[in-house]
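Some notes on the structure that comes next.
The values are calculated or read from the model by the stated rules, or taken from the named source; none is laboratory data. What you see is a predicted model; the values in this text were computed from it and never measured. We place every Cβ from the backbone using ideal geometry, glycine too, and count neighbours over all the protein chains shown.
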Amino acid sequence: MRRKDGKPQTKALRNKPIFDVGFKDSANALENSNKKIKKKHQVLSFFSGCGGLDFGFKGGFSVLGKNYEQLPFEIIGAYDSLQDAVECYNLNIDDNAHLADLTEVDVTTLPSVEILIGGFPCQDFSSSGPKTGLDGKRGKLYQILLNYMNVHKPRVVIGENVINLARMNNGEVLKKIVRDFESSGYHFDVWNLYAPDYGVPQSRKRLIFVGVRNDIKGFPVKPKPTYIGKPVTISEALHDLENVNDESITNQSQYFVASKASSGGGQGDTVNQADKVALCIRANSRGRIQFHYKLPRRLTVRECARVQTFPDEFVFPYTTQRNLTLIGNAVPPILAHAVARSIKNFLDAVDKGIDIEHSITEKREYKIHQTSQISLDI
């Protein structure tokens, strides 16, 4: 397709990245693996994607100039229906990700663990999707977590989804999901987390569903924001990549070429601002073209990964769109790490018999029946 200005269409330098190893075999990972940590809590991961949530739970990485400690969680199994995601996970995190359609898996055959985590599919809840909610093809997949909870009774359950879920049907969709989760013998809170408050250089809000089995006293404390008023800007996160246009940093030569749209509802006109956090990275990068804050091009795969807080050693091994799908669907690892630290502190207290009980009916960040009154972003 020719450009509207008549100039020849330029091309990205490479279709696929150059890489020798993924994160798990990198110097970053090997340095952290030599540090001993105490007892590990076993974790099972559903809808794992390329592993952003899991990676944050494991810890032991450095990104954007900060170290994120190893945490005492052992992910003994991860499951996803997308082959790209499973292969990327096994390249970078561990060899225990499995290609599986969880709707066809008998949960009684799965191992029992202390913690179940899963970012259940968001497409039917997203403001940029079909907005079909619980009536959509993927809208009821949260029930797979519920099926596991009913059988194996993990101590803690962590779910993740988009903020627009709380808006749907005046909050009734969120209430329905929480009621279903709690019917299996748990009490739940829903944390509304704004990623820049935790060091993610990206305007991203997510709902974190936190459940604790009813026989366990206390409840995890929502992670305290550490970057309020001083967010990491996109230029702070990406400035050292401005003069890199090859694979000396893996995935840096991968980007879509596109000129700014002259019409069409603004598609293609979205430019990041250097002194602000980045616009939200999406799985469908063609749907909202994001231009670099300084350079006349779109963000590269590596730049999107940086904005999502994956370290540079975390390799995305496919062509541009396939990689951007994996990145856009992921939970930012340092946001996941903040959640995981809260769960670690809670379980440490429980195992030591420390009473940190909170009344879930009084301490909820926002009561479910008030959800429709809250101003939420995508």
- May I ask you to verify whether PRO121 is part of a loop (DSSP other than H, G, I, E, B), within 26 Å of LEU174 (Cβ to Cβ) and not polar (S, T, N, Q)? yes
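Table: residues versus (1) more than 24 Å from PHE19 (Cβ to Cβ); (2) modelled with pLDDT of 95 or more; (3) surrounded by 24 or more Cβ atoms within 10 Å (Cβ to Cβ).
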position	(1), (2), (3)
HIS292	no, no, no
PRO311	no, yes, no
LEU324	no, no, yes
ILE343	yes, yes, yes
LEU347	yes, yes, no
- Search region 70-110 for residues being of a type outside the set (Asp, Glu), in contact with a Lys or Arg (Cβ under 8 Å, 6 or more places away or on another chain) and in a loop (DSSP other than H, G, I, E, B), and hand back the single one that is nearest to PHE314 (Cα to Cα). ILE93
- Message: Quick check on VAL200: is it at pLDDT 95 or above, over 14 Å from the mean Cα position of the chain (by Cα) and surrounded by 18 or more Cβ atoms within 10 Å (Cβ to Cβ)?
- Response: no
- Considering only region 66-116, state which residues are among the hydroxyl-bearing types (Ser, Thr, Tyr), modelled with pLDDT of 95 or more and under 17 Å from the mean Cα position of the chain (by Cα). TYR68, TYR79, TYR89
- Query: Which residues, taken from region 37-93, are surrounded by 17 or more Cβ atoms within 10 Å (Cβ to Cβ), among the hydrophobic types (A, V, I, L, M, F, W, C) and under 27 Å from ASP351 (Cα atoms)?
  - Reply: VAL43, LEU44, PHE46, LEU53, PHE55, PHE57, PHE61, LEU71, PHE73, ILE75, ALA78
- Which numbered condition CYS280 misses (of (1) assigned to a loop (DSSP other than H, G, I, E, B); (2) modelled with pLDDT under 95; (3) out of contact with any strand residue (DSSP E or B) (no Cβ under 7 Å at 6 or more places or on another chain); (4) not aromatic (Phe, Trp, Tyr)): (3)
- So which of ASN170, ASN150 ends up being among the polar types (S, T, N, Q), within 22 Å of VAL212 (Cβ to Cβ) and touching a Ser or Thr at 6+ places or on another chain (Cβ under 8 Å)? ASN150
